[in-house]
Amino acid sequence: MKYYSTNHSAPLASLKEAVVKGLAPDRGLYMPERIERLPQSFFNDMPGLSFQEIANKVAEAFFGEDVETKALRQIVNETLSFDCPLKKVEEGIYALELFHGPTLAFKDVGARFMARLLQYFNGGERVNVLVATSGDTGSAVANGFLGVEGIHVYVLYPKGKVSAIQECQFTTLGRNITAIEVDGVFDDCQRLVKTAFMDEELNSRMKLTSANSINVARFLPQAFYYFNAVARFFNENGSTSSPVVCVPSGNFGNLCAALFGHAMGLPVKRFIAANNANDIFYNYLQTGHYKPKPSRQTIANAMDVGDPSNFARIVELYEGSHERISNLISGATYTDDEIRQTMRRCYEQTGYVLDPHGACGYQALKDLLQPGETGIFCETAHPAKFKDTVDQTLGIDLPIPEKLAAFMQGQKQAEPLSNNYDDFKTFLIGK
């Protein structure tokens, strides 16, 4: 399988080149030259298959031409050492719980898969992974790559703009993980990473790749759990009607993976992109015009993105057609006050504890589901990762899972840095 750039000015790349480079030379994002549609027999059989069996079939369609079968199965099975269950919250609404992995966030799937695939391709040569995070990406990537021989990870995060629990998950690890505390916002962190990839001098000194959702090995595996969710949905509801899937969205890698699954034939009726106050995609759906703007800080901080990278992939997937995109995807946007109200209302009426991101997805289904439709929303992170917000909003003392408690015992190790690229470059070269 070859991969092309969304900017259409770079040579075609192999999967290995796309994974190792992360970003195409023309600053575009890599896209597979084709998306293989899976046979109807697979979808007929899917409800009776395990999560790993489903994921192996999907992985084979994406990566089977480039990774030896036995190795690919091992990568998938090691990645999915935990479940992503579907939980009924109320009549007609299900939560796809994506927080049962090592760092209790959906990004564990993509990060663990990418770490293993990069190791498969790398052959022991040192690679430096750069990753910008607005919250959960940093912890998932750091823990996914922790101790992987030949790979050093640099996690860039905005100072004071991630939750304390999120921060401790990637600043306390040490070893081959370096946390960089940037004086700025997430978009500054993302800009520093992208600029580093385009810096010829820096790349001549260091082998760089990205573990953000700009990397095909990070976002494509996230399609696995959408296939599994639909299989579990059909187990409970039968396969006569397809669900609506709602994805809380920041950088749009998670929704993009779902859309790739849909292009492979996954029976989803339509999609909803749920945003916080960062409403760039929502406005695009309404107007047809994409206008990035500085990100706004919210209580759903992992979605605080003002210029989502994966928008380019969505546009490419639908050949630039606003009509096709807006016919398949609807949008919703919520303020912090509305998110809190949703968390309280859901808890009071159902007993289910939402995190701020999942609350956006839940409320979008409540607002946009049509009569007769059933919906699935992604609960992207364990509510305890936002304990202060959850406790204050719900008036409870939410228990902290043992996995999170262990991270909180560690000593913070973070390098302070300005948001100036020259300072970042000097830091990397010094390392």
Of all residues in the range 351-361, how many are of a type outside the set (Gly, Ala, Ser) and open to solvent by 10 Å² or more (accessible area, probe 1.4 Å)?
2
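Output the number of residues of the range 332-369 satisfying the condition of being in a loop (DSSP other than H, G, I, E, B) and hydroxyl-bearing (Ser, Thr, Tyr).
Residues of the range 332-369 in a loop (DSSP other than H, G, I, E, B): 334-335, 351-355, 369.
Adding the requirement that they be hydroxyl-bearing (Ser, Thr, Tyr) leaves 334-335, 352.
Qualifying residue count for the region: 3.
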Which residues, taken from the range 79-103, are touching a Gly at 6+ places or on another chain (Cβ under 7 Å) and β-branched (Val, Ile, Thr)?
Ile93
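Quick grid of which residues meet (1) closer than 22 Å to Leu118 by Cα; (2) in contact (Cβ under 8 Å) with a residue 12 or more places away in the chain:
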{"residue": "Leu12", "(1), (2)": "yes, yes"}
{"residue": "Met46", "(1), (2)": "no, yes"}
{"residue": "Ala55", "(1), (2)": "yes, yes"}
{"residue": "Thr69", "(1), (2)": "yes, no"}
Looking only at the range 239-257, which residues are surrounded by 24 or more Cβ atoms within 10 Å (Cβ to Cβ) and either among the small types (Gly, Ala, Ser) or in contact with a His (Cβ under 7 Å, 6 or more places away or on another chain) (or both)?
Pro248, Ser249, Gly250, Gly253, Ala257
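Suppose we filter Glu415, Glu348 for residues that are at negative phi and surrounded by 14 or more Cβ atoms within 10 Å (Cβ to Cβ); which single one remains? So that I can check it myself, show each step before the final result.
Working: Glu348 fails: surrounded by 14 or more Cβ atoms within 10 Å (Cβ to Cβ).
Of Glu415, Glu348, the one residue that is at negative phi and surrounded by 14 or more Cβ atoms within 10 Å (Cβ to Cβ) is Glu415.
Only one of these is open to solvent by 10 Å² or more (accessible area, probe 1.4 Å) and without any contact (Cβ under 8 Å) to a residue 24 or more places away in the chain: Glu200, Glu167, Glu236, Glu181. Name it. Steps first, answer last, please.
Working: Glu167 fails: without any contact (Cβ under 8 Å) to a residue 24 or more places away in the chain; Glu236 fails: without any contact (Cβ under 8 Å) to a residue 24 or more places away in the chain; Glu181 fails: without any contact (Cβ under 8 Å) to a residue 24 or more places away in the chain.
The unique qualifying residue is Glu200.
Considering each of Asn203, Asn176, Asn212 in turn, give the residue that is closer than 22 Å to Ser81 by Cβ and of a type in the set (S, T, N, Q).
On the way: Asn203 fails: closer than 22 Å to Ser81 by Cβ; Asn212 fails: closer than 22 Å to Ser81 by Cβ.
Every option except Asn176 fails the conditions.
Would you point out the residue of the range 262-300, among those that are in a loop (DSSP other than H, G, I, E, B) and among the basic types (Lys, Arg), that is farthest from Arg34 (Cα to Cα)? Lay out the reasoning, then the answer.
As a first pass, look at the range 262-300 and keep what is in a loop (DSSP other than H, G, I, E, B): 264-269, 276-279, 288-300.
The next check asks that each one be among the basic types (Lys, Arg); those that pass are 269, 291, 293, 296.
Numbers: Lys269: 22, Lys291: 29, Lys293: 32, Arg296: 36 Å.
If we take residues in the range 262-300 being in a loop (DSSP other than H, G, I, E, B) and among the basic types (Lys, Arg), then Arg296 is farthest from Arg34 (Cα to Cα).
Which of the residues spanning the range 167-176 are farther than 22 Å from Ala384 by Cβ and not polar (S, T, N, Q)?
The first filter runs over the range 167-176 and keeps only residues farther than 22 Å from Ala384 by Cβ, leaving 174-176.
Listed by number, the residues that qualify are Gly174, Arg175.
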State which residue is nearest to the chain's Cα centre (by Cα) when the search covers only the range 258-269 and only residues that are farther than 17 Å from Ser326 by Cα and open to solvent by less than 10 Å² (accessible area, probe 1.4 Å).
Gly261
Exactly one condition in (1) among the basic types (Lys, Arg); (2) within 26 Å of Ala13 (Cβ to Cβ); (3) modelled with pLDDT of 95 or more is not met by Lys269; state its number.
(2)
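Hey, among Ser330, Ser295, which residue is small (Gly, Ala, Ser), in contact with a helix residue (DSSP H, G or I) (Cβ under 7 Å, 6 or more places away or on another chain) and either farther than 17 Å from Tyr282 by Cβ or modelled with pLDDT under 95 (or both)? Explain how you work it out, then say what you get.
On the way: Ser330 fails: either farther than 17 Å from Tyr282 by Cβ or modelled with pLDDT under 95 (or both).
Only one candidate qualifies: Ser295.
What's the total number of residues in the range 87-111 that are of a type outside the set (Val, Ile, Thr) and over 21 Å from Asp136 (Cα atoms)?
Of the residues in the range 87-111, the ones of a type outside the set (Val, Ile, Thr) are 87-88, 90-92, 94-102, 104-108, 110-111.
Now drop any that are not over 21 Å from Asp136 (Cα atoms), which leaves 87-88, 90-92, 94.
Qualifying residue count, the range 87-111: 6.
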Residues satisfying the stated conditions in the range 294-317, i.e. open to solvent by 20 Å² or more (accessible area, probe 1.4 Å) and either of a type in the set (Ser, Thr, Tyr) or over 21 Å from the mean Cα position of the chain (by Cα) (or both)
Ser295
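Residues of the range 318-345 being aromatic (Phe, Trp, Tyr) and buried (at least 23 other Cβ atoms within 10 Å of the Cβ), which ones?
Step one: list which residues in the range 318-345 are aromatic (Phe, Trp, Tyr), which gives 318, 334.
Listed by number, the list holds a single entry, Tyr334.
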Testing Ala229 on (1) crowded, with 23+ Cβ neighbours inside 10 Å; (2) under 26 Å from Asn420 (Cβ atoms); (3) in contact with a Pro (Cβ under 9 Å, 6 or more places away or on another chain), one condition comes back false. Which one is that?
(2)
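The values are calculated or read from the model by the stated rules, or taken from the named source; none is laboratory data. This one's a predicted model, so the numbers in the text were calculated from it and none came from an experiment. When we count neighbours, we look across all protein chains shown, and the Cβ atoms used for this are built from the backbone with ideal geometry, even at glycine. Note: accessible area is taken over every heavy atom of the protein model, side chains too, but ligands, DNA and RNA are not part of it. Shrake-Rupley method; radii C 1.70, N 1.55, O 1.52, S 1.80 Å.
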